[in-house]
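Step one of this worksheet: look at the structure below.
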């Protein structure tokens with residue numbers, strides 16, 4: 001199985017600009033903007049990755065499964081090998097295994113792997129909050145929590161959290177390669193604690209940028225389910241492409257205030 005990296009940016013002029021901004025003390029928004037500009041070609045090449053499409057598609061299936069008459073049967077039909085009464089971590093583990101199985105037969109990219117991790121984190125966080133924990137919730141509680149994500153408003157939030165985490169991972173993927181040369185006395189980050197503080201600012205910036213996909217995600221999900229009654233992998237691929245483009249454009253433009 002081949003593996004496609006997002007890009008060898010240290011040899012490009014755009015990447016050199018990013019490095020210069022780091023050394024010059026640029027803030028999270030400016031660095032995010034420059035990094036997306038430098039990484040755009042690699043991200044576009046990876047946007048049709050089978051793992052990314054499978055991840056997004058499975059995220060759309062979880063609420064539908066919970067709202068069906070057969071939660072477990074629907075999950076299994078979608079490729080998730082869950083036990084008869086799955087808990088939250090059973091679903092998360094089966095989700096990751098399903099993405100791995102889908103990607104095993106073709107070329108996989110770093111973006112696809114980051115999407116898988118962002119999805120598992122988002123599921124754990126949002127469903128965990130609704131069930132008040134990871135291990136104590138019963139099967140019915142888990143099903144009800146996934147079902148609650150099926151409304152337009154809640155799927156909007158679900159998708160936004162996923163894309164915020166994915167974007168943060170993408171930016172960190174590139175920036176972490178340069179940060180290691182800018183930590184220490186006399187450098188941009190005098191201590192690892194200062195770098196950690198910057199990482200938190202970058203995470204917040206990505207969360208703010210992801211606002212651009214929130215309303216779009218809920219409206220898309222509601223429209224597709226209303227018109228077709230099902231979300232296909234083709235639908236999921238188109239949705240992922242548009243959402244990533246919106247986020248990329250937002251980060252390149254700089255985050256603007258939203259009313």
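The values are calculated or read from the model by the stated rules, or taken from the named source; none is laboratory data. In this text the structure is predicted, and so the values were computed from the model without any measurement. Virtual Cβ from ideal backbone geometry, glycine too; neighbours counted across all protein chains shown.
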Practice item. State which residue is modelled with the lowest pLDDT when the search covers only the stretch 175-192 and only residues that are in a helix (DSSP H, G or I) and in contact with a strand residue (DSSP E or B) (Cβ under 9 Å, 6 or more places away or on another chain). Key: 179
Exercise for review: Filter the stretch 193-229 down to residues that are at pLDDT 80 or above and farther than 20 Å from residue 162 by Cβ, then give me how many there are.
Suggested key: 4
Review point. Looking at this structure, is residue 93 over 15 Å from residue 149 (Cβ atoms), surrounded by fewer than 23 Cβ atoms within 10 Å (Cβ to Cβ) and out of contact with any strand residue (DSSP E or B) (no Cβ under 7 Å at 6 or more places or on another chain)?
Key: yes
Exercise for review: Have a look at 106, 133, 42, 73 and point out the one that is farther than 27 Å from residue 174 by Cα, out of contact with any strand residue (DSSP E or B) (no Cβ under 8 Å at 6 or more places or on another chain) and modelled with pLDDT under 95.
Suggested key: 133
Point to revise | Only one of 111, 64 that is surrounded by 18 or more Cβ atoms within 10 Å (Cβ to Cβ) and either modelled with pLDDT of 95 or more or farther than 16 Å from residue 52 by Cα (or both) | key: 64
